[in-house]
Each structure stands twice: as C-alpha cells, then as structure tokens.
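The values are calculated or read from the model by the stated rules, or taken from the named source; none is laboratory data. Fair warning: this is a prediction, and the values are worked out from it, not measured in the lab. So basically every Cβ, Gly included, is an ideal-geometry build from the backbone, and we count neighbours across all protein chains shown. The area values use the complete protein model at the heavy-atom level, side chains included, leaving out ligands, DNA and RNA. Shrake-Rupley method; radii C 1.70, N 1.55, O 1.52, S 1.80 Å.
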Amino acid sequence: RDAFFSKLTSNCKAPLLRPMKSLNPRTVFKKTKLTDMWRKRKISNFQYLMMLNLMAGRTFNDVTQYPVFPWVLCDYTSETLNLSDHRIYRDLSKPVGALNPDRLAQLIERYNDLDGFVSEEEKFLYGSHYSSPGVVLHYLVRQEPYTSMHIALQSGRFDCADRMFHDVAGCWDSCMTSTSDVKELTPEFFTCPEMFINTN
C-alpha cells in the first residue's frame, strides 16, 4: 500500500494527491496564485470570490457554510447608475457593520455596556452574523429547495410578511441602520435573477 501511494504521488501532477509542504492557509493560498490571476484579469471578480469561498470551506451543499458575496453597490434607489462614480460603491475595506459610523458607535457603546454583565469572552460587537442559514433562506425563499427549507425553519409556515425579502433597497437600508442586521449577499444575487421574482 505504501509503495503504491508513494509511486502514485511521485508521478502524479494532480495537486490534491501531492503532499503539501505546508498546510498553513496563507502558504496554500499563495501557491494558488489566485490573486495574481485576478489582478491580471485572467479570472473574473465572480470567479475570484467563488474560489476564495471554496478555499474557505464554503459550499452550496450546506446552508450553514454557504458562499458569501459582498454588497458591492451602495445606491439601490437611483433610476440609473454612473459606474464611473466612486460614490455608488460600498467601501469594501470595512465589514457591513462598520460602514455606518453612527450605527458602529451604537454597537461599540453596547459592547462596552456589557462590562460587568458577561465575561470578556462572552462580549460581542455584532449580535448577528453576516451569513447564516436564516440569511441564505431569507434571500433565496423564492427558489426551491430553499422555499421548503425556509418553511421548515419557520415551524411549518412562511415568516411574517414584513420580515420576508422583498426589496433590495430596503434590505441594504436595514444592513446600514439596524444594529441587528449585518448580512452580506449570496452568489445568486449575481447569477440568478429568478430569486427576485414571485413565480407562484
């Protein structure tokens, strides 16, 4: 067995069968040259983000580890967009929860108010997560199997109508103002227009 494996890996060019010198994620990521390919425009933004998600262990097969894509724009109300205008783009150097300085100040104040009530390890800045099964099902409720999964998550019925995903602009506004909403997007925002249409 060992001799077979040794012969297989010494002659094999498949990257997953060759033993890695390091399993350090930074080292493995650097060896992929993914960022270089993206910078040289050999792969698209979408491909780059999907590869990052896959390397991070995210998968379409598990709503608890679903791929995450960022909000890219910050203008969801204008009739037309000038893509050359930098003001329509979200600041990708910050997480969603830090984009609105007033909301961030509220979150930091709440974090500091936890002193004396919980241990240092139990303190938190954001009370929710940028991605979760609820977030995935919230966005994809119009597409099976996510419709059925959403109903199962909500104890056999649809969630309250005012909490259902029905408006991109309203969702963005909530992500900018609510202290309990810091969700990012799913890849389907960029690939699946059917997710925005009520077909039944």
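Close amide-amide hydrogen proximity is noted between residue 89 and 74, each under 5 Å apart and 5 or more residues distant or on a separate chain (H modeled in the peptide plane; Pro and chain starts excluded). Each Lys and Arg Cβ is given +1 and each Asp and Glu Cβ -1; about its Cα centre, the chain then shows a dipole of about 1780 debye. Which stretch or stretches of the range 160-200 have amide N atoms under 15 Å from the point lying 7 Å from residue 74's Cα along the Cα→Cβ direction? Of the residues in the range 160-200, 172-178 have backbone N under 15 Å from the label point off residue 74.
Shown for the range 143-200: the carbon plus sulfur share of the solvent-accessible area, taken with all protein chains present and a 1.4 angstrom probe, equals 54%. Backbone geometry of the range 78-85 corresponds, through the Karplus equation with coefficients 6.51, -1.76 and 1.60 at θ = phi - 60°, to 3J(HN,Hα) couplings of 5, 5, 10, 10, 9, 5, 7, 8 Hz, x marking Gly and Pro. The peptide list 113-121, 37-45, 180-188, put in order of mean Cβ contacts within 10 Å with the highest first, becomes 180-188, 37-45, 113-121. Model label sites at residue 105 and residue 158, defined 7 Å from Cα along the beta-carbon direction, differ in position by 4.0 nm.
Excluding ligands, DNA and RNA, the accessible surface per residue across the range 1-142 is 74 Å² with a 1.4 Å probe.
Stokes-Einstein diffusion for the range 103-163, with the hydrodynamic radius set to the Kirkwood value over Cα pairs and evaluated at 20 °C in a medium of 1.002 mPa s, equals 154 µm²/s. Relative to the 2.2 N^0.38 Å rule of thumb, the chain has a C-alpha radius of gyration ratio of 1.28. With N as its number of residues, the range 68-133 has a Cα radius of gyration that, divided by 2.2 N^0.38 Å, comes to 1.48.
Taking amide H as placed 1.01 Å from N in the peptide plane, the amide H of residue 185 sits under 5 Å from that of 69, 71, each at least 5 places away or on another chain. Of the options 24, 128, 101, report the single residue whose Cα projects farthest towards the positive end of the charge dipole of the chain (beta-carbon charges: Lys, Arg +1; Asp, Glu -1). Toward the positive end, the furthest listed residue is 24. Spherically averaged projected area of the convex hull of Cα atoms, the range 143-185: 3.6 nm². Taking every lysine pair in the chain that is 8 or more places apart or spans two chains, those with Cα atoms closer than 18 Å amount to 13.
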